[in-house]
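Q: Below you will find the structure I want to go over with you.
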Amino acid sequence: MVKKKKKEVYALGRHISISADKARRVIDQIRGRSYEETLMILELMPYRACYPIFKLVYSAAANASYNMDSNESDLVISKAEVNEGTTAKKLKPRARGRSYAIKRTTCHITIVVKDISLDDEYRQIDSLKKPRWEKKYTTMVYHDVYSSGGVWDKK
């Protein structure tokens, strides 16, 4: 029986105290990118969710180098997902004996890293999304009022 070598490893962060929607905003930017490009993106993004995601990506790469003896330049973020975690609820006292509920949301983040040197059928994916600047824009040409012999040439 031939044993297959593992191609993917993961890192799991549970009960991270940030909203799942705010974490998804960052995760959508790094999905499908290489490891080094992901680290650069996460260092430069101005969101609070970047730091725990940065630690998870770094941990997943450490898991890959320890478990599979893979090089960091061959790693790609193959899957990244964010799930909602538990919600801590407290009551804040308000006027006239009323109370106001405060919800503290958490999330679970999973980062799966794939080694492309072990995968024979890997196709290079630069990005899952097309860059916005590649859209075809039409150039607007404004008519020159002064040289057209329009209103200003009349005497």
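Q: What list of ³J(HN,Hα) couplings, whole Hz, do you get for region 61-76 from phi and the Karplus terms 6.51, -1.76, 1.60, once you set θ to phi - 60° and write x for glycine and proline?
A: Once rounded to whole Hz, the list reads 5, 5, 4, 5, 6, 7, 7, 10, 6, 9, 8, 5, 6, 9, 8, 9.
Q: What is the sum of charges around A60, taking Lys and Arg as +1, Asp and Glu as -1, for the other residues whose C-beta is under 14 Å from the C-beta of A60? Working shown, then result.
A: On the way: positive: K6, K7, R31, R33, K55, K79, K114; negative: E8, E36, E72, D74, E81, D115.
Within the 14 Å Cβ shell, the charges total +1.
Q: List, in the order given, every pair from K22/K114; K22/K55; K6/K114; K55/K79; K22/K92 whose Cα-Cα distance in the structure shown is over 19 Å.
A: Working: K22/K114 25 Å; K22/K55 16 Å; K6/K114 9 Å; K55/K79 16 Å; K22/K92 24 Å.
Long pairs (Cα-Cα over 19 Å): K22/K114; K22/K92.
Q: Give me, ordered by chain and number, the residues 5 or more places off L118 or on other chains with an amide H under 5 Å from its own placed amide H.
A: The list, which skips near neighbours in sequence, is empty: none.
Q: For region 1-105, I need the span (max minus min coordinate) of the C-alpha atoms along each principal axis, in Å, sorted largest to smallest.
A: Each principal axis gives a Cα extent; for region 1-105 these are 71, 38, 18 Å.
Q: Binned at 5 Å from 0, what are the whole-percent values of the Cα-Cα distance distribution for region 1-59, short to long?
A: 4, 16, 28, 22, 13, 6, 5, 4, 2, 1, 0
Q: In region 21-95, what percent of the accessible surface is made up of carbon and sulfur (1.4 Å probe, ligands and nucleic acids excluded)?
A: Numbers: 2230 of 4670 Å².
Its accessible area is 48 percent carbon and sulfur atoms.
Q: Taking a cut-off of 15 Å, what percent of all Cα-Cα pairs in region 69-117 are separated by more than that? Walk me through the intermediate numbers first.
A: On the way: 772 of 1176 pairs.
Cα-Cα pairs of region 69-117 separated by over 15 Å account for 66 percent.
Q: Further, regarding this structure: Taking the Cβ of Y35 as the center, what net charge do the other residues with Cβ under 12 Å away carry, scoring Lys and Arg +1 and Asp and Glu -1?
A: Values: positive: R33, K114; negative: E36, E37, E72, D74, D115.
Here the charged neighbours net out to -3.
Q: Let me ask you something else. In what order, largest first, do L56, L44 sit by accessible area if the probe radius is 1.4 Å?
A: Working: L56 20, L44 145 Å².
Solvent-accessible surface, decreasing: L44, L56.
The values are calculated or read from the model by the stated rules, or taken from the named source; none is laboratory data. Bear in mind that the values here come from a model prediction, so they are computed numbers and not experimental data. Cβ: placed from backbone, ideal geometry, glycine included. Neighbour counts: every protein chain shown. What goes into the accessible areas is simple: the full protein's heavy atoms, side chains included, and nothing from ligands, DNA or RNA. Shrake-Rupley method; radii C 1.70, N 1.55, O 1.52, S 1.80 Å.
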